[in-house]
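S.K.: Here it is, the structure, as structure tokens.
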Amino acid sequence: MRNVILILSTAASLLVPAFASASDTLDKVRRTQTIVIGIRETPPFSFTDANKQPMGYSVDLCLKIVEAVKKELKLPNLKTQFYPI
């Protein structure tokens with residue numbers, strides 16, 4: 001029983017900073033009205049096409065998340081920037 005309590009308290013202490021960080025990120029998105037997505041410029045999951053536009057599976061997933069953030073924060077004009085990493 002004591003080990004279970006120790007494990008749960010440790011897990012909880014690790015999650016608190018993660019939620020605080022997410023809150024800080026959403027505050028920044030609200031303030032700047034922009035969300036920045038890091039992408040790789042080479043396959044397999046993302047790449048840039050001949051026009052330097054981001055493409056690929058991970059880009060599609062990120063854009064779905066951006067749509068959800070727009071709805072959650074009520075920011076229909078939220079800008080999306082792609083940052084090569």
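Bear in mind that the values in this text are calculations on the coordinates, not laboratory data. Not measured: the values here are computed from a predicted model.
S.K.: Can you spot the aspartates and glutamates whose alpha carbon is less than 15 Å from residue 28's alpha carbon? Ignore those fewer than 8 places along the same chain.
M.R.: Of all the aspartates and glutamates, those that pass the test against residue 28 - Cα under 15 Å, at least 8 places apart if same chain - are 72.
S.K.: Length gain on complete extension for the stretch residue 36 to residue 71, per 0.36 nm per residue less the alpha carbon to alpha carbon distance? The partial results should precede the final answer.
M.R.: On the way: separation 35, 0.36 × 35 = 12.60 nm, distance 1.67 nm.
Result for the pair: 10.9 nm of gain on full extension.
S.K.: Per 0.36 nm of contour for each residue apart, how much would the distance between residue 79 and residue 51 grow if the chain were fully extended, relative to their Cα-Cα spacing? Present the calculation step by step, with values, prior to reporting the outcome.
M.R.: Details: separation 28, 0.36 × 28 = 10.08 nm, distance 1.94 nm.
Working it through step by step, the gained length comes to 8.1 nm.
S.K.: Under 5 Å between amide H atoms, partner at least 5 residues away or on a different chain: which partners does residue 82 have, H built in plane at 1.01 Å?
M.R.: Sorted by chain and number, the residues that satisfy this are 37.
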